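The values are calculated or read from the model by the stated rules, or taken from the named source; none is laboratory data. Quantities reported herein were computed from a predicted structural model and do not represent experimental measurements. No Cβ is skipped: glycine too gets one built from the backbone with ideal geometry, and neighbour counts run over all protein chains shown. Only protein heavy atoms, including side chains, enter the accessible area calculation; ligands, DNA and RNA are left aside. Shrake-Rupley method; radii C 1.70, N 1.55, O 1.52, S 1.80 Å.
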Amino acid sequence: MNYLVTGAAGFIGAAIVERLIKEGNTCTTIDNLSTGSKEHVPHGCRFIEGSVADVNIIKSLESEKFDAIIHIAGQSSGEISFDDPVYDLQTNTQSTVMLLKLAQKMGCKKFIYASSMSVYGDHQPPECKEETDKVPKSFYAVGKLASENYMRIFSEYGIACTALRFFNVYGPGQNLSNLRQGMASIFLAMAIKDHHIHVKGSKDRFRDFVYIDDVVDAVLRSLNREDGFDVFNVCTGVATTVENVVKSICDALPYDVTVEYKDGTPGDQFGIYGNNEKIIKALDWKVTRDFSQGMKDMIDWALTQEF
Ligand SMILES: NC(=O)c1ccc[n+]([C@@H]2O[C@H](COP(=O)([O-])OP(=O)(O)OC[C@H]3O[C@@H](n4cnc5c(N)ncnc54)[C@H](O)[C@@H]3O)[C@@H](O)[C@H]2O)c1
């Protein structure tokens, strides 16, 4: 099969492409290297440098044939979406519309999108099912939800559209140099580099951490969907507090790490975890790594990295 996977110079996109190529498929990626790096693009993947919101790049692909478009590229920080909402809209939502239109023009029948748990906002109770009310708290989350709705309507043109609401993805390969996205990677990078973690917000906040290999598996399983629009939480169903994330890092490192708590960031959700019954049932997906095992693997990997 031949796939267009956007964002393969980044954490999740690279892991997806690596697995697709390993299974004998061919892949093309578009990445503007804003947070990703060229060395991260898996060997054998055709690389187009530029923006997924660039009309010329999208147009240049119109005569090609892809079995699916897997749209992963995007800016993934709620904080950045407040600094520059227009940039967020172009990168995360305009790009989705342009790629859906491309799929329609080239007769591509499958479209998979990296949506986010942020669409739910602060929900009470904090366990979110796919049908739970969605009240986005950041421009980032508004854009992700809008993308899902574009997909829902485009699916009526015969494109099987799957929105995957990733919860907090973590694991080897996450960017340790970017201190604006990825809770586990930010804390781990600070602990290794400075032996000091400063946390923006309360230690009692909690998240649902899902391991990168399980996220890749969810994407691959979505490729089997043949029609219509559907949306799935990609999560473990387990809430882990910020305090526990910090503790698991401090306990695992062979030196003392100090911890300081500061004010939170705007639009940050307090606590959320997902219900994963739908994806387990519909796509036969499962969680293969719990947080303690996954974090151990990530720390072992991080200690071998230069950043
Ligand atoms: N990591 C998570 O926990 C998480 C959770 C929910 C959703 N997501 C979504 O998953 C996707 C991937 O996240 P990630 O963690 O791999 O982030 P990442 O920053 O590691 O990867 C994103 C990639 O997209 C590229 N990119 C950004 N804007 C672009 C543009 N306009 N044109 C082309 N390329 C562009 C970056 O250079 C980078 O290589 C994002 O859309 C993000 O919103 C991630």
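Computed quantities for the displayed model
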read-out: The chain: most fluctuating residue of Asn92, Asn56, Asn276 per GNM, C-alpha cutoff 10 Å; value: Asn56
read-out: Rounded percent of accessible protein surface that carbon and sulfur make up, the chain, 1.4 Å probe; value: 50 percent
read-out: Net charge of Cβ neighbours under 9 Å - reference Ile80; Lys, Arg +1; Asp, Glu -1; value: -3
read-out: Total lysine pairs under 13 Å (Cα atoms) in the stretch 1-147, excluding pairs fewer than 8 apart on one chain; value: 8
read-out: In nm, spacing of pseudo-spin labels at Lys281 and Lys59 (7 Å Cα→C-beta vector); value: 4.7 nm
read-out: Choice from Gly50, Gly264, Gly13 showing the highest fluctuation, given a GNM over the chain with Cα pairs closer than 10 Å; value: Gly264
read-out: Charge dipole magnitude, Cβ of K and R +1, D and E -1 - the stretch 232-290, Cα centre, debye nearest 20; value: 360 debye
read-out: Rounded to 10°, Cα long-axis angle of helix 291-302 versus longest principal axis of the chain; value: 90 degrees
read-out: Dipole moment magnitude, nearest 20 debye, the chain about Cα centre, only Lys, Arg, Asp, Glu C-beta charged; value: 520 debye
read-out: For the chain: accessible area per residue (Å², 1.4 Å); value: 44 Å²
read-out: Cα lying deepest toward the dipole's positive end in the stretch 180-300, options Ser248, Phe187, Leu283, charges on Cβ; value: Phe187
read-out: Distance (nanometres) between label positions extended 7 Å along Cα→Cβ at Asp227 and Lys262; value: 5.4 nm
read-out: In the stretch 23-79, GluC sites (Glu not before Pro) in a DSSP loop with at most 15 other beta-carbon atoms within 10 Å; value: Glu23, Glu62, Glu64
read-out: Residue of Pro136, Pro85, Pro254 that the Gaussian network model of the chain assigns the largest fluctuation, springs spanning Cα pairs under 10 Å; value: Pro254
read-out: Cα-only Debye scattering, the stretch 101-145: base-10 log of I(q)/I(0) at q = 0.19, 0.24, 0.27 Å⁻¹; value: -0.65, -0.80, -0.90
read-out: Rounded accessible area of Phe11 (nearest 10 Å², 1.4 Å probe); value: 40 Å²
